[in-house]
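Read through the structure below, which is laid out as structure tokens, and then see the notes.
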Amino acid sequence: MSDCKEKFISSVSTALVGNFTQSQIEMVINEIIKELGNYELKNRETALMSFVDVNDGIMKRFCASLLIEGKSEGTIYQYRRTAERLFETVQKHFTQIGVYDIRYFLACEKQRGLSNTSLENTRANLSAFFQWMTNEEIIPANPCAKIKPIKCAEKVKIPYSTIDLDKLRIACKTKKERALVEFLLATGIRVSELAAMKVNDIDWNNLSVIVMKGKGDKQRTTYMTDLAKTHLIAYLEERKENGDYLFYNSKHNPLGDNGVRHILNNLGERANVNNVHPHRFRRTFASGLAARGMDIQEIKKLLGHSDINTTMEYIYTSDVQVQNSYRRYIA
């Protein structure tokens with residue numbers, strides 16, 4: 001019998017002492033020995049476990065630095081999950097991963113069905129992670145530096161049309177759903193900001209809204225419409241919860257990001273409107289203000305962007321708008 005099997009039998013025997021008689025132990029051990037004849041036993045490799053421990057320590061440091069930089073929990077999760085998938089694929093210490101390992105991982109992700117857009121996000125996440133390791137002098141150079149950005153087909157992100165919004169409003173079955181739609185459309189806030197929103201963050205007299213926890217924990221002020229106020233008050237007067245948060249779920253807990261997405265997804269199916277999600281309300285908010293002539297810097301401030309180029313990406317201009325502007329300005 002091999003050393004591994006002998007150690008296994010000895011461990012089992014020791015564990016059984018005190019709970020069974022000697023004859024019972026011998027009978028169990030004999031049955032185990034016979035069954036072990038069909039298997040090979042090996043000592044557990046400790047190298048992989050040490051990789052996991054060391055990599056986990058590096059990842060915790062990285063996430064802590066992102067938190068200090070003001071990154072949102074969602075963003076930190078995406079960085080961490082990407083690095084975890086890389087390790088699951090190549091099974092190496094982060095400091096030993098090279099450019100070919102990353103290329104192999106990206107190829108596996110592509111084979112798994114990821115689009116070029118998702119693949120580029122994965123590459124960018126890994127590049128940021130390894131660049132941080134380089135800056136921290138954990139590794140001498142960023143292995144992602146030699147991997148070029150992955151070309152993606154530029155997808156036009158279209159806001160909700162007037163017809164889409166009418167269909168969504170008609171499909172609302174509860175006062176909470178209608179309040180949610182109107183509030184997102186009127187304020188342009190992020191789903192994480194909505195989840196953190198409290199009743200006291202709203203000044204009901206001048207219709208201003210204090211956004212306490214956006215990206216980077218930057219506080220800003222946005223505003224809402226009389227229509228949004230009307231439906232919010234109707235929901236608040238009806239709801240059973242007396243807590244501080246603005247929206248609650250069916251279990252009487254604060255409504256989280258996924259809860260908001262779930263409500264809107266179901267609403268979109270009932271309304272027969274495709275691609276209904278919180279961020280599309282944000283784009284609709286920005287595009288609507290731009291179409292009405294609001295200055296781009298003011299829209300940037302309402303959205304809470306630090307870079308005006310990001311704001312520009314949110315604004316959709318239709319061919320009809322371009323044509324109408326051309327007719328108005330051409331001499």
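The values are calculated or read from the model by the stated rules, or taken from the named source; none is laboratory data. Only a predicted model underlies this, so the values are computations on that prediction, with no experimental measurement involved. So basically every Cβ, Gly included, is an ideal-geometry build from the backbone, and we count neighbours across all protein chains shown.
Numerical summary
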{"read-out": "Residue 125 surrounded by fewer than 16 Cβ atoms within 10 Å (Cβ to Cβ) and within 24 Å of the chain's Cα centre (by Cα)", "value": "no"}
{"read-out": "Total residues in the stretch 97-140, condition farther than 22 Å from residue 63 by Cβ and outside any helix (DSSP H, G or I)", "value": "6"}
{"read-out": "Test: residue 261 is basic (Lys, Arg), modelled with pLDDT of 90 or more, surrounded by 14 or more Cβ atoms within 10 Å (Cβ to Cβ) and farther than 23 Å from residue 208 by Cα", "value": "yes"}
{"read-out": "Top-ranked residue in the stretch 216-248 [being loosely packed, with under 15 Cβ neighbours inside 10 Å and small (Gly, Ala, Ser); ranked as farthest from residue 202 (Cα to Cα)]", "value": "216"}
